[in-house]
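I have placed the structure first, in the form of structure tokens, so that the comments after it can refer back to it.
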Amino acid sequence: MNLIWRCWSWLRRDALARDLREEMQLHFDLKVQEYVARGDSADEARRRARLDFGNPSLSSEQSREQWGFAPLEDLRRDLAYGVRQCVRNPAMTAIVVVTLALGIGANSAVFSTVDAFLLRSLPVRHPEELVRIGIRPSGAFEQDAYEYLRDHQKTLAGLIAWDDGNIAVVADGVPDIITVDYLSGNFYSLLGVALLQGRAFTPADDVPGAPAVAVISYEYWRERFGLDPAVLGKKVQLKDVACTIIGIARPGFRGLRTGGAAARISVPAQWHAHLTLKDNTTFSLFGRLAPNVPQKQAEADLDLAYGRWLVQEAEKVIDPLERAALLRQHIIVAPARQGSLEFDRRFVIQLRLVEVVVGLVLLIACLNLANLLQARSAARGREIAVRLALGASRARIVRQLLTENLLLALCGGALGVAICEPLMRLFALILRGNADAAALGIQLDGTVLAFTALLTVACGILFGLVPALRATGDRLSANVQGHSIASLKRLRARRLMIVPQVALTLSVLILTGLLLRSVQRLQQVDLGFDRQHLLCFWLYPTLSGYEDQRELALYDRVLQSVRRIPGVRAASLTRLTLRHHGRRLGLALDGSIHADAPFVFNTAAPTLFETLRLPLLTGRDFAAQDGAGAPPVAIVSESLARKYFADRNPLGHRILMINEEPGVARTIVGVVGDMKFSSRDEAPAAAVYMPYAQAPATLRGQAEIKVNTVTDPDVMIPAIRNQVEAVAPDLPPVKIVPDQELQDFESREERSLAGLLAGFGALAFGLAVLGLYGTVAYSVSVRLRELAIRFALGASRSGVLWMVMGETLRYALIGIVLGWALAGAASLTVESFLFEVRGFDLVTCAWAIGLMASTALLAAYLPARHARRVDPMTVLRTD
Amino acid sequence: MESKPLLPGTLDLLLLKSLSLEPMHGYRIAQRLRQISGDVFQVEEGTLYPALQKLLAKGWVAGEWKQTENNRRARYYKLTAAGRKHLQTQRVEFEKVLVAIMRVMEA
């Protein structure tokens with residue numbers, strides 16, 4: 001009934017309005033006649049009729065509410081009015097929309113990252129039941145430990161083994177290195193994950209002797225096979241294993257990873273030992289708790305089973321230290337709703353910090369916009385006062401102003417969504433070194449859109465409601481007369497808002513400065529070797545099927561051909577990258593055991609030290625004769641030699657790595673200069689090197705080639721790549737980088753965080769400057785008359801200038817002090833990123849404060865200059 | 001005598017009651033209201049029209065354009081069946097409330 005009336009009246013609303021007008025006109029005319037008949041004059045009759053009748057426009061306005069869809073109709077008109085207002089003032093609209101778009105877009109992009117990394121659960125059935133099984137104090141699960149636990153545990157619905165590794169895949173004759181997941185056969189069924197096409201592994205696929213099968217990721221299907229529907233049944237060649245593709249995973253499925261890119265291919269875990277690098281033999285274990293089993297109970301049960309297994313294993317171990325270490329191990333079970341987190345605590349700190357800063361920047365932006373809009377609605381004060389006088393209700397006008405501001409907010413939000421995607425990619429690149437945000441799970445999904453919508457409306461209300469209420473709340477008379485008591489109140493509110501703006505800007509500036517100084521310090525660290533002329537690249541012969549003697553022969557061929565290139569001074573290889581953080585423990589020297597002696601254990605080809613320009617202090621370098629069958633030899637670093645031999649000559653003494661090579665005593669044939677293995681090392685590390693050809697199998701399979709060039713290393717890269725490809729055409733393309741890049745990689749996190757903070761800092765800085773400028777300008781315009789009187793009474797020009805600036809600058813000063821304190825507190829959270837720099841680093845703080853203060857002074861001075869030029873006579877006469 | 005503002009919600013009732021006697025146009029309704037209430041209620045006459053539009057929307061009254069005695073076009077409002085029913089129930093309600101109020105005041 002009502003709806004029918006509304007539709008009908010909406011269609012006929014013009015006719016209805018005409019009828020109403022005619023009706024009211026008749027009423028009024030009859031009223032006038034009545035008074036005339038009583039003896040009033042025509043004018044008097046009209047006046048009294050008008051008084052009796054009341055406000056006709058209000059009456060017809062209220063009548064109209066019964067027709068059509070009045071609230072919608074109002075909204076439409078408010079919007080149309082709002083659009084006109086926006087178009088009439090394009091500069092202001094642009095400022096508001098762009099500021100909001102940046103703020104909202106950045107917040108949404110950061111939120112999408114937070115959502116992907118910290119909030120979202122794995123897309124599996126009942127992720128809250130998932131647990132991760134680990135070992136304390138340290139340790140990892142070998143295949144047989146997994147199998148024992150799987151067969152003896154009683155508290156889990158199932159136990160999953162998972163590991164990933166790189167492998168060279170030859171497709172269409174082009175070798176490429178991709179990531180492979182090794183999954184136990186129950187992986188898909190236990191997680192309750194459906195495939196896009198084909199079938200998943202079953203435990204039957206994961207027993208020795210079963211045919212080789214593979215599940216490929218949707219992304220791999222798209223990139224490599226062009227979404228070819230006939231891909232099921234095709235084969236992919238992994239080393240010497242031809243795996244039949246039996247299934248395709250759903251788009252975006254990343255296995256158990258949160259915050260990491262998906263593996264291209266998954267194969268059953270039984271292929272792990274055959275396909276991965278020799279030193280990679282362990283699995284991560286995940287389980288699903290059986291119904292009604294608490295986590296603690298599962299932990300106790302698994303620990304019991306694991307303890308029995310350890311006792312069995314310990315009997316096989318001869319070394320007493322190693323046996324004791326084994327028996328110290330215990331199982332820990334932790335919730336794993338998010339699966340495996342492919343990022344560390346430092347990243348979480350980074351993300352949280354960015355989240356807080358970006359949120360605060362948006363808040364500041366909203367406060368600034370509120371100021372801006374308040375200035376505008378103040379300018380419209382007269383219009384609003386007239387409308388109030390004509391009978392518009394306050395709620396109606398607040399709704400009108402709010403609609404306008406929400407319209408602005410919506411435009412900003414829409415533009416924010418548009419720039420969210422590129423920003424997400426930018427943040428992913430800065431924070432994770434990977435611009436492919438979608439591959440990391442960062443996406444513009446419903447959750448992010450809902451967040452953005454909420455944020456937009458919140459912003460619209462935040463910066464729209466206060467000015468709207470203020471604009472309509474003032475006394476009518478004050479607005480019509482242009483009085484300024486309300487303006488002075490507003491001035492104080494604006495000045496107060498300077499404080500948080502300056503404080504936030506300064507603290508972000510200081511944090512950025514600290515990080516940049518830290519990066520600078522890191523880059524200046526002397527590692528002890530020549531890295532100006534050094535190029536590096538990795539070879540993974542094992543992944544392409546080169547084993548044993550063929551692997552060694554390949555290295556020799558590559559090194560020889562590279563050394564022949566004109567411009568190459570020397571070339572060699574090591575097993576561990578020079579920035580390897582791993583430390584080994586346990587040395588025996590001439591039979592005396594130093595069980596907890598730390599050292600770095602590495603392998604080297606001949607001429608490594610020449611390549612690194614590390615001085616050989618005494619003895620000889622490794623040479624071709626130090627082959628697999630030759631007597632075992634070693635070269636030690638200067639600091640190791642000094643520590644254990646003091647003034648004695650270490651040459652000819654015997655060194656034994658207890659845990660790495662039990663039973664192999666090496667003769668020391670040389671002592672080499674010290675180097676640092678990481679920029680963050682306080683002192684050079686003790687190191688033991690052995691010839692590559694004599695390395696145990698766990699150190700085989702891959703190597704880092706080092707090339708020292710005569711001139712600029714960058715120009716040599718193509719020539720070296722050509723040589724390597726000519727010698728080993730079946731290897732995947734090598735990635736040759738200057739050593740400086742590896743060094744820079746160490747400060748990547750500091751740099752990315754500094755970069756992001758600098759970006760937001762610049763935004764906050766711009767806003768703060770605008771805010772300062774606007775406030776001083778506003779205070780000058782409000783106090784024009786007062787200033788004129790002061791001048792008329794003989795105040796000096798510069799005195800007034802300082803007075804105008806000083807009041808605002810006082811607040812800026814409070815902001816600076818607060819900002820400094822805030823930065824001191826915030827620097828505690830980034831302390832783990834700082835290298836040789838403390839939170840209250842005076843140089844950084846001085847720079848930041850100087851910059852902030854001088855900018856504040858300038859931002860205040862420019863508008864305050866106008867106060868000097870006030871001409872008392874002109875101002876006082878205009879009122 | 002001092003004029004009083006209407007009790008909220010009573011304007012509808014008064015309008016329906018007036019129209020239950022005979023169809024009328026707006027000016028007449030205003031006159032009638034003033035007469036029967038003995039000038040107690042102070043009603044800005046313009047506010048009748050939003051109220052009448054509401055009654056139209058509810059379907060309690062119907063409008064019909066006719067000539068007045070002075071040959072001008074006017075909309076005459078008349079009570080519909082639904083309006084009559086509504087008036088009846090409202091009236092009962094109103095009396096209940098009034099009785100209750102009186103009882104409280106006299107207690």
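Which of the residues spanning segment A:109-122 are within 17 Å of A:ASP436 (Cα to Cα) and touching a Ser or Thr at 6+ places or on another chain (Cβ under 9 Å)?
Our first condition is that a residue be within 17 Å of A:ASP436 (Cα to Cα); within segment A:109-122, this holds for A:109-117.
A:PHE111, A:SER112, A:ASP115, A:ALA116, A:PHE117, listed by residue number.
Could you tell me whether segment A:355-377 includes any residue that is touching a helix residue (DSSP H, G or I) at 6+ places or on another chain (Cβ under 8 Å), assigned to a helix (DSSP H, G or I), of a type outside the set (Val, Ile, Thr) and closer than 30 Å to A:LEU122 by Cβ?
Taking every residue of segment A:355-377 in turn, at least one turns out to be touching a helix residue (DSSP H, G or I) at 6+ places or on another chain (Cβ under 8 Å), assigned to a helix (DSSP H, G or I), of a type outside the set (Val, Ile, Thr) and closer than 30 Å to A:LEU122 by Cβ.
Out of curiosity, is B:GLN90 away from chain A (no Cβ under 12 Å), of a type in the set (S, T, N, Q) and not in a loop (DSSP other than H, G, I, E, B)?
On the way: away from chain A (no Cβ under 12 Å): yes; of a type in the set (S, T, N, Q): yes; not in a loop (DSSP other than H, G, I, E, B): yes.
In short, yes.
Of the residues that make up segment A:113-123, is at least one surrounded by 15 or more Cβ atoms within 10 Å (Cβ to Cβ), closer than 30 Å to A:PHE187 by Cβ and of a type in the set (Asp, Glu)?
Yes, segment A:113-123 contains at least one residue that is surrounded by 15 or more Cβ atoms within 10 Å (Cβ to Cβ), closer than 30 Å to A:PHE187 by Cβ and of a type in the set (Asp, Glu).
Which condition number does A:TYR555 fail, the rest of (1) within 20 Å of A:LEU527 (Cβ to Cβ); (2) buried (at least 16 other Cβ atoms within 10 Å of the Cβ) being met?
Answer for A:TYR555: the failing condition is (1).
What number of residues in segment A:680-737 are over 22 Å from A:GLY545 (Cα atoms) and assigned by TED's automatic domain parsing to the domain that holds A:ARG613?
Here the count works out to 27.
Can A:GLU65 be described as free of Cβ contacts under 8 Å to residues at least 40 places away in the same chain, within 11 Å of chain B (Cβ to nearest Cβ) and over 52 Å from the mean Cα position of the chain (by Cα)? Quick ask: steps written out before the conclusion?
Values: free of Cβ contacts under 8 Å to residues at least 40 places away in the same chain: yes; within 11 Å of chain B (Cβ to nearest Cβ): yes; over 52 Å from the mean Cα position of the chain (by Cα): no.
Criteria not met by A:GLU65.
Every residue, every condition in (1) in the same structural domain as A:VAL170 (by TED's automatic domain parsing); (2) part of a helix (DSSP H, G or I); (3) over 35 Å from the mean Cα position of the chain (by Cα); (4) among the acidic types (Asp, Glu), yes or no:
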position: A:GLN520; (1), (2), (3), (4): no, yes, no, no
position: A:GLN549; (1), (2), (3), (4): no, yes, yes, no
position: A:LEU552; (1), (2), (3), (4): no, yes, yes, no
position: A:ALA570; (1), (2), (3), (4): no, no, yes, no
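Name the one entry in B:ARG32, B:ARG84, B:ARG73 that is closer than 21 Å to A:TRP67 by Cβ and either surrounded by fewer than 14 Cβ atoms within 10 Å (Cβ to Cβ) or more than 9 Å from chain A (Cβ to nearest Cβ) (or both). Let's see the steps before the verdict.
Details: B:ARG32 fails: closer than 21 Å to A:TRP67 by Cβ; B:ARG84 fails: closer than 21 Å to A:TRP67 by Cβ.
The match here is B:ARG73.
Just checking: which of the strands (runs of 3 or more DSSP E) contained wholly in segment A:640-693 hold 2 or more residues that are at pLDDT below 90 and not small (Gly, Ala, Ser)?
Details: elements: A:654-657, A:665-672, A:687-691.
In segment A:640-693, A:654-657 are the strands (runs of 3 or more DSSP E) which contain 2 or more residues that are at pLDDT below 90 and not small (Gly, Ala, Ser).
For segment B:35-61, name all the residues that are aliphatic (A, V, I, L, M) and within 12 Å of another protein chain (Cβ to nearest Cβ).
Initial filter on segment B:35-61 (aliphatic (A, V, I, L, M)): B:36, B:40, B:43, B:48, B:51-52, B:55-57, B:61.
Hits for segment B:35-61 are B:VAL43, B:LEU48, B:ALA51, B:LEU52, B:LEU55, B:LEU56, B:ALA57.
Looking at the structure I just gave you, is A:GLU22 within 13 Å of chain B (Cβ to nearest Cβ) and touching a strand residue (DSSP E or B) at 6+ places or on another chain (Cβ under 8 Å)?
Considered against the rule, which asks whether it is within 13 Å of chain B (Cβ to nearest Cβ) and touching a strand residue (DSSP E or B) at 6+ places or on another chain (Cβ under 8 Å), A:GLU22 comes out as yes.
Is there a residue in segment A:331-351 that is β-branched (Val, Ile, Thr) and not assigned by TED's automatic domain parsing to the domain that holds A:TRP162? Break it down stepwise before answering.
Within segment A:331-351, the first condition is being β-branched (Val, Ile, Thr), and the residues that meet it are A:331-333, A:348-349.
Among the residues that remain, those that are also not assigned by TED's automatic domain parsing to the domain that holds A:TRP162 are: A:348-349.
The answer is yes; a qualifying residue exists.
Being surrounded by fewer than 17 Cβ atoms within 10 Å (Cβ to Cβ) and closer than 30 Å to A:VAL356 by Cβ narrows it down to one residue among A:ILE95, A:ILE4; which is it? Before you say what the answer is, go through the steps one by one.
Details: A:ILE4 fails: closer than 30 Å to A:VAL356 by Cβ.
Answer to the selection: A:ILE95.
Could you tell me whether segment A:115-128 includes any residue that is touching a residue at least 60 places away in the same chain (Cβ under 8 Å), in the same structural domain as A:GLY460 (by TED's automatic domain parsing) and closer than 30 Å to A:ASN405 by Cα?
Yes, that holds for at least one residue.
Condition test on A:ALA116, is it within 30 Å of A:PHE765 (Cα to Cα), in contact with a strand residue (DSSP E or B) (Cβ under 9 Å, 6 or more places away or on another chain), part of a helix (DSSP H, G or I) and at pLDDT 85 or above? Working first, answer last.
Details: within 30 Å of A:PHE765 (Cα to Cα): yes; in contact with a strand residue (DSSP E or B) (Cβ under 9 Å, 6 or more places away or on another chain): yes; part of a helix (DSSP H, G or I): yes; at pLDDT 85 or above: yes.
Considered against the rule, which asks whether it is within 30 Å of A:PHE765 (Cα to Cα), in contact with a strand residue (DSSP E or B) (Cβ under 9 Å, 6 or more places away or on another chain), part of a helix (DSSP H, G or I) and at pLDDT 85 or above, A:ALA116 comes out as yes.
Just to be sure before I move on: is A:ARG751 part of a helix (DSSP H, G or I), under 36 Å from the mean Cα position of the chain (by Cα) and touching a residue at least 12 places away in the same chain (Cβ under 8 Å) in the structure I sent?
On the way: part of a helix (DSSP H, G or I): yes; under 36 Å from the mean Cα position of the chain (by Cα): yes; touching a residue at least 12 places away in the same chain (Cβ under 8 Å): yes.
Judged against the criteria, A:ARG751 is a match.
Can you tell me which residue is farthest from the other protein chains (Cβ to nearest Cβ) among those in segment A:25-62 that are outside any helix (DSSP H, G or I) and under 29 Å from A:ARG396 (Cα atoms)? Step through it out loud before you land on a result.
Applying the first criterion (outside any helix (DSSP H, G or I)) to segment A:25-62 yields A:38-41, A:54-55.
Remaining after also requiring under 29 Å from A:ARG396 (Cα atoms): A:54-55.
Working: A:GLY54: 3, A:ASN55: 6 Å.
In this case the residue turns out to be A:ASN55.
How many of the residues making up segment A:737-759 are hydrophobic (A, V, I, L, M, F, W, C) and surrounded by fewer than 21 Cβ atoms within 10 Å (Cβ to Cβ)? Walk me through it before giving the result.
Step one: list which residues in segment A:737-759 are hydrophobic (A, V, I, L, M, F, W, C), which gives A:737, A:742, A:745, A:753-754, A:756-758.
Subsequent filtering for residues that are surrounded by fewer than 21 Cβ atoms within 10 Å (Cβ to Cβ) retains A:737, A:742, A:745, A:758.
Here the count works out to 4.
Can you find a residue in segment A:1-15 that is modelled with pLDDT of 85 or more, at the interface with chain B (Cβ under 8 Å from one of its Cβ atoms) and at negative phi?
No, segment A:1-15 contains no residue that is modelled with pLDDT of 85 or more, at the interface with chain B (Cβ under 8 Å from one of its Cβ atoms) and at negative phi.
Contact list please: Cβ distance under 6 Å, first residue in segment A:260-276 and of a type in the set (S, T, N, Q), second residue at pLDDT below 90 and surrounded by fewer than 22 Cβ atoms within 10 Å (Cβ to Cβ), pairs at least six apart or on different chains.
The qualifying pairs are A:THR276/A:GLY165.
The values are calculated or read from the model by the stated rules, or taken from the named source; none is laboratory data. Not measured: the values here are computed from a predicted model. Note that each Cβ is placed from the backbone with ideal geometry, even for glycine, and that neighbours are counted across all protein chains shown.
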